[in-house]
1. Show the residues, 5+ positions off or on another chain, whose built amide H is closer than 5 Å to the amide H of Val84.
2. Take the solvent-accessible surface of the protein heavy atoms, probe 1.4 Å, and return the percent of it on region 33-111 that carbon and sulfur atoms account for.
Amino acid sequence: MKQLLSLFLILLAFLCCSPSVYTAELTLTNTPVEVHFSPHGGCTAAIVDNLTNAKSEILVQAYSFTSAPIAKALVDAHKRGVKVEVILDKSQRTEKYTSATFLANMRIPVYIDAKHAIAHNKIIIIDRETVITGSFNFTKNAEEKNAENLIIIKSKELASIYIKTGLSIKNIQMSINQGIKHGHKRK
């Protein structure tokens, strides 16, 4: 009952507060969690495994995104009919090696966070019940060279909090898909 009351108060706070409030509290009990560490800790493989099992929706927010295996898993999910949307830091617009254009060319909606100085999120929400987050950037270096962490939490309640924050953030993005037509950049 206490957990239900806490959840109700959190939801009420979201409904009553301005969209600029991005704080929530949640107590999780009996919640499956996986933790991975890099380098060579299987972070990329864990992400790909979860993306492969997605059934309806994948939402991504990323600071740096150059991982070919993760990008391929997103495209494969999109081809299976899973709704995929990606929000990236504005640096990904001009980075030499980025998955942004690749994903946009595959008709996956890709948005650039142009409002914040740095959009430093590393979040994947799968089927509104799995939250993947941590310091782990979606890059080859994060898997092979950097000291990073990744946590995978199976919780609809936590996913809901991330989605509500992310969907309000999405309203301030610009789509890079607008510059993509038939697999080529528009001139």
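The values are calculated or read from the model by the stated rules, or taken from the named source; none is laboratory data. These numbers were taken from a predicted model, which means no experiment stands behind them. For the accessible areas, the whole protein counts, side chains as well, though only heavy atoms, and no ligand, DNA or RNA atoms are used. Shrake-Rupley method; radii C 1.70, N 1.55, O 1.52, S 1.80 Å.
1. Placed amide hydrogens put Ile58 under 5 Å from Val84.
2. On the way: 2070 of 3660 Å².
Answer for region 33-111: carbon and sulfur cover 57 percent of the accessible area.
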